[in-house]
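Each remark here refers to the structure printed beneath this line.
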Amino acid sequence: MMRRFRADLHLHTVLSPCADLAMSPDEIITVAQQKQLDIIAITDHNSTKQCRVVREMAADSGIVVINGCEVNSLEEVHSLCLFEDDHSMNEFQAFIEHYLPQIPNKPNYFGYQVVVDRDNQIVEEMPWYLGNGLQVELETIADFIHQLNGLFIPAHIDRPMNSLFSQLGFLPHELKIDAMQISKRAQESQIRKLFDIHPDITLIKASDAHYPEDIGTACTIFELAKPSFEEIRWALNQKKGRSVKIEE
């Protein structure tokens, strides 16, 4: 029996330099509950290091938290990367650290990049600016994510910067994707027509929240038997009767 689950798969935390310091794990969970979200993904810029605390703190909330990040490629294309478990997430974190340019962050200019614990105490500050593009191509990133059995979703494809179409101009035939994300104000029918996106490619909406009030302002409805990572994969890839619909 299928059930409907409201999901916001693009949320930033205090770790992202462009996110508000109010985006603490407890605040994200509280607001997600208020917005009646069932599934969220933590997708900080070029880092997965805040995922575990948010997921553990949400364990008794009824909200499923997916490990993830918003990776930036050599071509300056932003993409959502989602992982089923900590092992695959940690493997990708090592990949990021290998390819991230060691350019010092300037907190007063870019913003703070901190990892916090359950009590919102800072346990780590990331020294290298997380907004940079990794020194590795988009296709290589996508291939590695799929080797880890993860999900790869080009982000905010309708935007004039840092999107698949703004940077490349087209969807490369060899690029394996699981879906594409459009911005919260975009209309699915218009975007499909504008970029000639085939119906076999799933589009989702997500908030790309950098502030608490933005959480849940754009959602995707998943029709699943249960809110598991594998079921989400089936839905995004339009398999086994699972489906996805952008919430109007």
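Bear in mind these aren't lab numbers, they're just calculated from the coordinates by the rules spelled out. As the structure is a computational prediction, the values presented were derived from the model and not from experiment. Note that we place each Cβ from the backbone using ideal geometry, even for glycine, and neighbour counts take in every protein chain shown.
Under a Cβ-Cβ cut-off of 14 Å, what is the net charge of the residues other than Asn237 that fall near it, where Lys and Arg count +1 and Asp and Glu count -1?
That sum, taken over residues with Cβ under 14 Å, equals 0.
Where Lys and Arg each count +1 and Asp and Glu each count -1, what net charge lies around Glu248 among other residues with Cβ under 13 Å from its Cβ?
+3
If R₀ is 45 angstrom, what is the calculated FRET efficiency for the pair Lys240 and Asn108, using the beta carbon separation as r and rounding to 0.05?
After rounding to 0.05, the efficiency reads 0.35.
Need the full-extension length gain, Asn120 to Glu248, defined as separation in residues times 0.36 nm minus the C-alpha distance. One decimal, nm.
42.6 nm
From the Cα gyration tensor of region 139-248, with a ≥ b ≥ c the square roots of its eigenvalues, which class applies: rounded if a/c is under 1.5, or else prolate if a/b is larger than b/c, or else oblate?
Rounded shape, in that the Cα axes give a/c under 1.5.
Hey, fewest Cβ within 10 Å first, where do Tyr129, Tyr99, Tyr211 land in order?
Going from sparsest to densest Cβ surroundings: Tyr211, Tyr99, Tyr129.
For the chain: lysine pairs with Cα atoms under 20 Å, gap of 8 or more or different chains, count?
So the count works out to 18.
Name the long-range amide H neighbours of Ile246: under 5 Å, sequence gap of 5 or more, or other chain; modelled H, no Pro or chain starts.
Ile221
Need one number: % antiparallel among DSSP beta bridges in region 3-246, to the nearest 5.
Of the beta bridges lying entirely in region 3-246, close to 60 percent run antiparallel.
When only DSSP loop residues count, what trypsin sites (Lys or Arg not before Pro) in region 152-248 have their Cβ near at most 16 other Cβ atoms within 10 Å?
Listed in order of number, the matching sites are Lys176, Arg185, Lys239, Lys240.
How much net charge surrounds Lys176 when only other residues with a Cβ under 9 Å from its Cβ are counted (Lys, Arg +1; Asp, Glu -1)?
So the surrounding residues net to -4.
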